[in-house]
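Heads up: the structure comes next, in structure tokens.
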Amino acid sequence: MAKRFDTGTGPSQRQLRVGELLRHALADVLSRGEVHDPVLTAHVVTVPEVKMSPDLKIATCFIMPLGGKDKEAVIEALARNKRYLRGELAHRTNLKFAPDLRFRIDGSFDEGSRIDRLLDSDAVRRDLDRKDGTQDEDER
């Protein structure tokens, strides 16, 4: 029977700490332009989050190119250079094992803008006005 790591309580402090350590190291490597790939040198890439597996063997790196352009090309370029990046992260961090890197597009920026659009909608403004004590004409 396979081990189940999902306890439903969220990531441990160790997972969070290692993820943040790897996020800083990966952002440093990408910002200094140490990866010699034409796609990566042409884009500024942000690394908002790195999630670690419970055994710390897999790091899922959420990335977003500045401006959101050429997302798939950047993901492919990072995947092509995964071996080099893993080696660089191993040198920069003091971990027993260098985790396998997986790259995904970060959807939190899109989700944040979707929530902003919802909060700016007329229906939400109307509901907030009601809460302040004012009434609509149809309620009088």
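Look at GLY19 and say whether it is under 16 Å from the mean Cα position of the chain (by Cα), farther than 17 Å from ASP100 by Cα and in a helix (DSSP H, G or I). Let's see the steps before the verdict.
Numbers: under 16 Å from the mean Cα position of the chain (by Cα): yes; farther than 17 Å from ASP100 by Cα: no; in a helix (DSSP H, G or I): yes.
Judged against the criteria, GLY19 is not a match.
Given the residues ARG80, ARG104, ARG92, ARG17, which is the only one that is free of Cβ contacts under 8 Å to residues at least 40 places away in the same chain and of a type outside the set (A, V, I, L, M)?
Matching residue, one of ARG80, ARG104, ARG92, ARG17: ARG17.
Checking the conditions here, which among LYS51, LYS71, LYS57 is in contact with a strand residue (DSSP E or B) (Cβ under 8 Å, 6 or more places away or on another chain) and farther than 27 Å from ARG17 by Cβ?
Residue meeting the stated conditions: LYS71.
Of (1) under 21 Å from GLY107 (Cα atoms); (2) at pLDDT 90 or above, LEU66 satisfies all except one. Which?
(2)
As an exercise: evaluate MET52 against (1) surrounded by 12 or more Cβ atoms within 10 Å (Cβ to Cβ); (2) over 14 Å from the mean Cα position of the chain (by Cα); (3) not aromatic (Phe, Trp, Tyr) and give the number of the one condition it does not meet.
(2)
Right, PHE109: of a type in the set (Phe, Trp, Tyr), surrounded by 11 or more Cβ atoms within 10 Å (Cβ to Cβ) and either at pLDDT below 75 or within 30 Å of LEU21 (Cα to Cα) (or both) or not?
Values: of a type in the set (Phe, Trp, Tyr): yes; surrounded by 11 or more Cβ atoms within 10 Å (Cβ to Cβ): yes; either at pLDDT below 75 or within 30 Å of LEU21 (Cα to Cα) (or both): yes.
Taking the combined requirement at face value, the residue satisfies it.
Take the range 55-103 and flag every residue that is within 17 Å of the chain's Cα centre (by Cα) and of a type in the set (Ser, Thr, Tyr).
Matches in the range 55-103: THR60 only.
The values are calculated or read from the model by the stated rules, or taken from the named source; none is laboratory data. Everything numeric in this text was worked out from a predicted model, so none of it was measured. Virtual Cβ from ideal backbone geometry, glycine too; neighbours counted across all protein chains shown.
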